[in-house]
1. Any residue at all in the stretch 52-61 that's under 27 Å from L284 (Cα atoms), at pLDDT 95 or above and touching a strand residue (DSSP E or B) at 6+ places or on another chain (Cβ under 8 Å)?
2. Yes or no: L313 modelled with pLDDT of 95 or more and under 16 Å from Q57 (Cβ atoms)?
3. Could you tell me whether R319 is open to solvent by 30 Å² or more (accessible area, probe 1.4 Å) and among the basic types (K, R)?
4. Would you check if there is a residue in the stretch 299-321 being of a type in the set (S, T, Y) and farther than 29 Å from L401 by Cβ?
5. For the stretch 281-290, does any single residue satisfy the condition of being more than 12 Å from the chain's Cα centre (by Cα), crowded, with 18+ Cβ neighbours inside 10 Å and of a type in the set (G, A, S)?
6. Residues in the stretch 381-411 that are touching a residue at least 40 places away in the same chain (Cβ under 8 Å) and acidic (D, E): how many?
7. Give the stretch 458-478 a look and list any residue that's surrounded by 10 or more Cβ atoms within 10 Å (Cβ to Cβ) and modelled with pLDDT under 70, or say none.
8. Scan the stretch 306-323 residue by residue and report those that are out of contact with any Asp or Glu (no Cβ under 6 Å at 6 or more places or on another chain) and in contact (Cβ under 8 Å) with a residue 60 or more places away in the chain.
Amino acid sequence: MMKTLKKVSLLLLVVVMVTSLFPVRAKALGEEQSYSYNYDLVGNALPAPDPYEVRFQIDVSDYTEGKLRAAASVFVAGDTLYICDTGNHRILQFELTQSEPIFVREIKETPEWTLSGPEDIFVSDNGDIYIADTGNQRILWLNSELKIKKIIERPTDVLFDSFREFKPSKLVSSGGRLYVQATGVNRGFMEFDEFGEFVGFMGASNVTFEWESYIWKLISTDAQKSQMESFVPTEYNNIALDAKGRIYATTSIFELADLNSGSANPVRKLNQKGKDILIRNNSLVIGDTNWGKDGPSRFKDVTVLDNDIFFVLDTTKKRIFAYDAQGSSLYIFGGYGTKAGYFTNPVSLEHWGDDLIVLDNSSALVTVMRPTEYGATIQSAIESYNEGRYEEAMLLWEDVLRKNGNYILAYDGIGKIMLRNGDYEQSLEYLKYADDDYYYSQAWKLFRKDWIERYLGWAILALALFLIIRLGLNIYNRERGALEDYEDRKRRVSRK
């Protein structure tokens, strides 16, 4: 019996030792086993170093009575953090420090007003405070002392007649105008002037219209019509500003076919006319490109750093996606879970400098995350290149490649810098690896031009020498032939 047990134990040990020699095969979506990842050129998800790490988490019950309940959003103004504790009808204010937050106050009511289910807050540069007092169907416009400057209620304008309720959910103020995303409003963002008067809608999505569907509706019964989609624009679900006051917006309502074709545009950058001007450079700014059983990414929020790098929050797989101003994917991190840095139901995303702040209304926690050395190096490389410090950017991209040899954007960045420096031949190698067709073709044109300019003179000289030598040989051969002919005739004459 003991011999049998020893044999079985030995066999198990051998199996463990042998299997340990082989790496565990990643799941179909490589990222399933990785907190951070990026995609290669053919769409495979490859594990990558973590670009962000948790600085600290905020549990408001440590500072005030009760935990967060159905919290809807966070907002940062300078070093001040505001948390909309929607279910508890209050807004909590903290001062952020490098180590831990300092609780300042609870904003809930004054003799002039009370809150009911506030879903968002925005503080302008002059200290004015705008609160989406959703439960009371109004917007509170307050000064820094929380005194009412104006109460904005349901517009009476004919443009708003079709909407029975006014439920402001998200809002920002830019250029003296207030832009509001209201629940159920699919004409774009509501726009209010500097006096708080409703002036119309901005940034409505393009309407998808198909003639065959329209004709079918004409001949359908009322019951059939009610089951069909209406020809209406998409409803936005969030709005944010960049450092220059430009509007970024997200939507999670789209057709999968539109997402694949690149026409859905779930994150947009809007100009004053409401036109989407986000640069994508043939990239799909849609989050995950490998969907899996959970379906595509559904963006819930967006935030933009001062360097124009923007981050979007995906509620499908609870992840954060980062893109540069050209629409290139920088890194992907996060996931579903209860450990620090993971999320169960993230609903709001903000930034504090380069740090990110994520509100999870399921765990009732606010997570503050800072860039790792790897993440900070990528951001610094982009900033250096955009500011014209190309040699510095080159060194930073090389450092990125030492940390992650699969980082395509680093090859692309180095290739562009080499192209700018006139090192065309080597830039071709980097740009080819990065699959950058446009800059590769530019590098090839300049390489060919440089080669011609460099060697054309020598080629012409060599050709001239060749022709001279050839001409000399022809003359020599002709004279030699004539001489030999003369000598031959002379010999024949002498014989006679």
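1. yes
2. Considered against the rule, which asks whether it is modelled with pLDDT of 95 or more and under 16 Å from Q57 (Cβ atoms), L313 comes out as no.
3. It is false that R319 is open to solvent by 30 Å² or more (accessible area, probe 1.4 Å) and among the basic types (K, R).
4. Scanning the stretch 299-321 turns up at least one residue that is of a type in the set (S, T, Y) and farther than 29 Å from L401 by Cβ.
5. no
6. 1
7. A459
8. Within the stretch 306-323, D306, D308, F310, V312, T315, I320, A322 qualify.
The values are calculated or read from the model by the stated rules, or taken from the named source; none is laboratory data. Fair warning: this is a prediction, and the values are worked out from it, not measured in the lab. Cβ sites come from the backbone with ideal geometry, for glycine too, and all protein chains shown count toward neighbours. Heavy atoms of the whole protein, side chains included, go into the accessibility calculation; ligands, DNA and RNA do not. Shrake-Rupley method; radii C 1.70, N 1.55, O 1.52, S 1.80 Å.
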